[in-house]
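Below you'll find the structure, written out as structure tokens, and then a few comments.
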Amino acid sequence: MPRIVVFSSLFPSAEAPTAGLFIRERMFRVSKHLPLVVVAPQVWSPFDGIIRFFRKGFRPQARAHEIVDGVPIYRPRVFSVPAVFKRWDGWLMARGSRAVMRRLCAEFHPDLLDAHFLYPDGYAASLLAADFNLPLTITLRGSKDESLIGTDREPMLRLAMDRATHLFAVSEALKVDVAMRLGQPQGKVTVIGNGVDVSKFTPVDRLEARRRLGIDADTRVLISVGNLVEGKGFHRIIPLLPALRRRFSKIVYLVVGGAGLQADMLPALRRLAVEHGVTDVVRFLGVQPQADLKWLYGAADVFALATAHEGWANVFLEAMACGLPVVTTRVGGNAQIVCRAELGILVEYWNPIAFGEALAQALEREWDRQQLLAYAAANSWDERIERLIAEFVRHAASCGLQTARRSEP
């Protein structure tokens, strides 16, 4: 069976528990079947301490090495100046990770390098794969890569994909809008979305869930979950609440999430709630443990996300696994998840009047919870991981299993 090195700068740690959680969920399941090590470069510069004085939590530095659930995780420190010289981040990431990769080639003997996101991670991994004679797979995961098309980093996106043995995409939209748009053949890209853990995200008693939050049984409840960053669109929903409150006398909007690695909109969102007179409606609950999310989903009537860009939003499946319909925008991979009318409502981006009306319709409608639960169950991790492992085995074999074990860097 192939030995895999997972390469991703976005990966959870004690200091940043939600960063890249979807990557860990996916690849730790693979680790139950294939030998696996994680290399998670963490960016750093001498200016970070000064920035943290103003932005708490900026670039948190995790332990350089640890073992989690039996999987070794290495976090080499990589130089990166905040906001500038971004076209050098891929090269610097490869350079900073080379010593760890050399050690793993000598001790772990990997057969495959598996990178997540095209830039800087995928480009850095393409340089390392060439250095150490390793087959390379890259997973296209989000709108970040698409946003770099047309910039000075587009040639690096192309080079990374050209050098990859195979590409994965978590949605059909990413396959078409990024890989094929940049000249990759259709057969080189396999779409394997993320799944949902239906043992963790499951329906709970609604009255008990609301009792825990102090919400009355007759209140209409919206919920959004995600990092408090511009792309997720919390600031697009808050201005819609006054009109919804005129339609529904009792309404609550639960905002679940914290700062992203590069931004924190919480202060701006609080000001927006004051500006629109809905401070009594919006509840900022911060980052919540995964085990507690089912109670928050369970207290709500509708999941809403006014996202501007999206690869594959796992929170949609989490919400459906807890019996919630979804109202979101028709961007990225959203339409691949919310693919039927009984699962939710899609709205063109960005039409605030249409989105507000969709929220109202979703709150008024009687949804078939069993259809939502069945759809989530059909999108559990089991089938996804089985396909992913088969692809890893196939590509490692086609590139000559053990080739890397015999090669010198």
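Observations
- Scope the range 328-341; condition on the phi < 0 side of the Ramachandran plot and in contact with a Gly (Cβ under 6 Å, 6 or more places away or on another chain); matching residues: Gly333, Val338
- Being surrounded by fewer than 18 Cβ atoms within 10 Å (Cβ to Cβ), among the hydrophobic types (A, V, I, L, M, F, W, C) and out of contact with any Pro (no Cβ under 6 Å at 6 or more places or on another chain) is a property that does not hold for Val71.
- Filtered residues of the range 1-45 (kept if outside any loop (DSSP other than H, G, I, E, B) and of a type in the set (Lys, Arg)): Arg24, Arg26, Arg29
- Members of the range 290-311 that are within 16 Å of Glu208 (Cβ to Cβ) and in contact (Cβ under 8 Å) with a residue 12 or more places away in the chain: Ala291, Leu293, Lys294, Trp295, Leu296, Tyr297, Gly298, Ala299, Ala300, Asp301
- Arg211 meets all of the listed conditions (1) more than 25 Å from Ala376 (Cβ to Cβ); (2) out of contact with any Leu (no Cβ under 9 Å at 6 or more places or on another chain); (3) at pLDDT 95 or above but one, namely (1).
- Test result for Ala115, assigned by TED's automatic domain parsing to the domain that holds Leu36, among the small types (Gly, Ala, Ser) and surrounded by fewer than 17 Cβ atoms within 10 Å (Cβ to Cβ): no
- Selected residue [free of Cβ contacts under 8 Å to residues at least 12 places away in the same chain, closer than 30 Å to Asp162 by Cα and in a helix (DSSP H, G or I)] from Gly231, Gly187: Gly187
- Hits in the range 184-199 (condition: among the acidic types (Asp, Glu) and buried (at least 20 other Cβ atoms within 10 Å of the Cβ)): none
- All told, Arg87 falls short of being in the same structural domain as Leu136 (by TED's automatic domain parsing) and without any contact (Cβ under 8 Å) to a residue 40 or more places away in the chain.
- Highlighted here are the helices (runs of 4 or more DSSP H) found entirely within the range 309-409 that include at least 3 residues which are of a type in the set (Val, Ile, Thr): 381-398.
- One residue from Ala291, Ala308 being modelled with pLDDT under 95, surrounded by fewer than 19 Cβ atoms within 10 Å (Cβ to Cβ) and closer than 23 Å to Gln361 by Cα: Ala308
Here is a yes/no grid of residues against (1) loosely packed, with under 15 Cβ neighbours inside 10 Å; (2) more than 25 Å from Phe355 (Cα to Cα):
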| residue | (1), (2) |
| --- | --- |
| Pro155 | yes, yes |
| Ala160 | no, yes |
| Phe168 | no, yes |
| Val178 | no, yes |
| Leu182 | no, yes |
| Phe201 | no, yes |
| Leu207 | yes, yes |
| Ser224 | no, no |
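- Number of residues in the range 1-24 that are among the charged types (D, E, K, R) and surrounded by fewer than 19 Cβ atoms within 10 Å (Cβ to Cβ): the value is 1.
- Of all residues in the range 137-175, those being among the hydrophobic types (A, V, I, L, M, F, W, C), at pLDDT below 95 and farther than 21 Å from Ile4 by Cβ number 4.
Okay, residues lined up against (1) assigned to a loop (DSSP other than H, G, I, E, B); (2) under 29 Å from the mean Cα position of the chain (by Cα); (3) within 24 Å of Leu140 (Cα to Cα):
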| site | (1), (2), (3) |
| --- | --- |
| Thr202 | yes, yes, no |
| Glu208 | no, no, no |
| Ala217 | yes, no, no |
| Ile223 | no, yes, no |
| Leu240 | no, yes, no |
| Arg245 | no, no, no |
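- Residue among Pro60, Pro76, Pro46, Pro110 that is surrounded by fewer than 14 Cβ atoms within 10 Å (Cβ to Cβ) and not assigned by TED's automatic domain parsing to the domain that holds Lys232: Pro46
The values are calculated or read from the model by the stated rules, or taken from the named source; none is laboratory data. These figures come from a predicted structure and were not determined experimentally. Quick reminder, even Gly has a Cβ in these numbers, built from the backbone with ideal geometry, and neighbours come from all protein chains shown.
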